[in-house]
Amino acid sequence: MIGAPTTGAPGAAYGVGMRVLVTGGAGFIGSHTVIQLIAAGHDVLIVDNFANSKPTVINRLEAITSKHLPVHEFDLRDTERTERLFAHEQIDAVIHFAGHKAVGQSSQEPLDYYQNNLGSTFSLVRAMTLHGVAKLVFSSSATVYGANAAVPMNEDFPTSATNPYGWTKVMIEQILRDVAVAQPEMRIALMRYFNPVGAHPSGDLGEDPSGEPNNLLPYICQVAVGRLEKLRIFGDDYDTPDGTPLRDYIHVEDLAAGHIAALVRLDSTDRAVSTWNLGTGKGTSVFEMLHAFERAVGRTLPYEVVGRRAGDIAASYADPGRANTELGWSATHSIDDMCTDSWRWQSRHPNGYPDA
Ligand SMILES: NC(=O)c1ccc[n+]([C@@H]2O[C@H](COP(=O)([O-])OP(=O)(O)OC[C@H]3O[C@@H](n4cnc5c(N)ncnc54)[C@H](O)[C@@H]3O)[C@@H](O)[C@H]2O)c1
């Protein structure tokens, strides 16, 4: 999977025609972003150690884009390897998706989370500064708004976290702000995602969690294909219209488009660090999501209401106004689109990606 070093085409540093390194490009959000980068006229190279993804994703990406994708399979924490990549490849910008992301697991394995998420970022940003690569788009998360934020959440809210995963995002944001002070030529985007769902319209790329899914939509998908018996709804006594928590679900295609918009914007902003929420601005309840999914599948699905889950809050949704105005971006996919696309992916691939 290791692509031969290439010198690359002379990179246009502005707008289209950038050569973009996508870390974690075989993952759920990274893979969808790779497709849109290529469609927008950029050249892509990927670093992924396949800790939470499968190499078969790359075959699918190559089939969908009709492009050969240089893939460098290694752990970004390998500083020497990362620097070698930057020394050999022309790279105009980086989108940094690589990291561990399971909230629950992060409480059980905090050191792994801090080590992986922070370590890979140190290694990456050090190599970028050594080799004069100034543009970085970082996958942050709405989790940095912590447990007590009001809704809708805007980028000026204070940050905090309730679990080690969330703290890695808060810390990396701070580290990147500090780097930008020391290296004012840097142009860094902190993208705070809400709840990414959906799948590529081809039905051949989607979310493939290992083990029992942590998130609502992958869980419903697995109930719908019979891999799980029923949906467990954690509490229906919240102060929300139907008693179940409200979340801001965003189609992964909209999320990917937000990254392309951010990359373009980094060329024209004077700010060293920009923070943008990527969300729809709308809260959808668990029951609303379940019913939308039932419409996509064409039948009802079994569920059971159980007790609240520690750490869950009643409502979390974005104020996406800044991204709407500054990026000219807004989410266009409805909840029904998200469910239809997720179901197409899951029904075509009930067991997710094959190993080879
Ligand atoms: N999916 C979500 O709900 C969500 C929400 C907010 C933020 N995010 C963030 O977005 C990013 C991408 O999320 P995703 O859902 O695509 O996750 P994912 O696990 O599908 O993708 C992450 C990819 O990074 C790779 N990776 C992990 N550590 C690595 C390392 N040290 N070196 C090289 N590769 C490594 C994994 O193999 C995987 O392919 C993550 O940083 C995540 O924290 C995700």
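The values are calculated or read from the model by the stated rules, or taken from the named source; none is laboratory data. Small disclaimer: the values here were computed from a predicted structure and weren't measured. Methodologically, a virtual Cβ is constructed for each residue, glycine included, from the backbone with ideal geometry; neighbour enumeration extends over all protein chains shown. Surface areas here come from the heavy atoms of the whole protein model, side chains and all, with no ligands, DNA or RNA. Shrake-Rupley method; radii C 1.70, N 1.55, O 1.52, S 1.80 Å.
So here's what we get for this one:
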| read-out | value |
| --- | --- |
| Residues whose placed amide H lies under 5 Å from that of Tyr303, excluding near-sequence neighbours | Leu231 |
| Pairwise FRET efficiency - Glu288 versus Asp156, Cβ, R0 = 22 Å, nearest 0.05 | 0.15 |
| Dipole axis of the chain (+1 Lys, Arg; -1 Asp, Glu on Cβ), positive-most option in Ile188, Ser342, Tyr317 | Ile188 |
| Relative contact order computed over region 40-143 (Cα-Cα under 8 Å; 6+ residues apart), in percent | 32 percent |
| Contour excess over end-to-end distance, with Cα ends at Glu212 and Ala182 and 0.36 nm allotted per residue | 6.6 nm |
| Virtual spin-label span in nm between Thr269 and Glu80, 7 Å along Cα→Cβ | 3.7 nm |
| Prolate/oblate/rounded label for region 286-356 (Cα gyration tensor, a/c 1.5) | oblate |
| Estimated FRET transfer efficiency (Ala314, Ala39; beta-carbon r; R0 41 Å; 0.05) | 0.60 |
| Exposure ranking of His200, His291, His96 by accessible area [1.4 Å probe, largest first] | His291, His200, His96 |
| For region 148-233, the Rg and Dmax computed from alpha carbons only, in angstrom | 17.8, 53 |
| Gyration tensor (alpha-carbon) shape descriptor, region 261-313, a/c threshold 1.5 | oblate |
| Computed [θ] at 222 nm, helices only, for the chain once each DSSP H run of length n ≥ 4 contributes -39500 (n - 2.57) | -12000 deg cm²/dmol |
| Kirkwood-Stokes translational diffusion coefficient of region 170-212, alpha-carbon pairs, 37 °C, 0.692 mPa s, µm²/s | 239 µm²/s |
| Extension gain (nm, one decimal) between Ser334 and His68, 0.36 nm per residue minus Cα-Cα | 92.5 nm |
| Alpha-carbon gyration tensor eigenvalues x 5, square-rooted, for region 37-100, Å | 20, 16, 10 |
| Test item: Cα-centred dipole of the chain, Lys/Arg +1 and Asp/Glu -1 on Cβ, debye | 260 debye |
| In the chain, lysine pairs with alpha-carbon atoms under 22 angstrom apart (chain gap of 8 or more, or interchain) | 4 |
| Kirkwood Rh, angstrom, region 22-175 [1 / mean 1/r, Cα pairs] | 16.3 Å |
| Point-to-point label distance, Arg322-Tyr303, nm (Cα→Cβ direction, 7 Å offset) | 3.3 nm |
| Dipole of region 10-109, positive end: most advanced residue of Asn59, Ala87, Ile46 [Cβ charges, Cα centre] | Asn59 |
| 3J(HN,Hα) from dihedral phi, region 95-105, Karplus parametrisation 6.51/-1.76/1.60, rounded to Hz, x for glycine, proline | 10, 9, 9, 4, x, 7, 9, 8, 4, x, 4 |
| Relative contact order of the chain, defined on C-alpha pairs under 8 angstrom at six or more residues apart (%) | 19 percent |
| Cα-projected label distance for Ala147 with Thr240, points at 7 Å along beta-carbon direction, nm | 1.7 nm |
| Fraction of beta bridges assigned by DSSP in region 174-319 that are antiparallel (%, nearest 5) | 10 percent |
| Residues whose placed amide H lies under 5 Å from that of Gly27, excluding near-sequence neighbours | none |
| Alpha carbon convex hull of the chain, volume per residue in cubic angstrom | 124 Å³ |
| Computed over region 177-328, the ratio Rg/Rh where both radii use C-alpha atoms and Rh is Kirkwood | 1.05 |
| Accessible area in the full protein assembly, largest first, 1.4 Å probe, for Thr79, Thr56 | Thr79, Thr56 |
| Carbon + sulfur, % of accessible area of region 222-300 - ligands and nucleic acids excluded, 1.4 Å | 46 percent |
| Which of Leu190, Leu228 is most accessible, then next, and so on - probe 1.4 Å | Leu228, Leu190 |
| Amide hydrogen neighbours beyond the local backbone of Tyr145, cut-off 5 Å, H modeled | Ser160 |
| Portion, in percent, of the accessible area of region 60-197 that falls on carbon or sulfur, probe 1.4 Å | 51 percent |
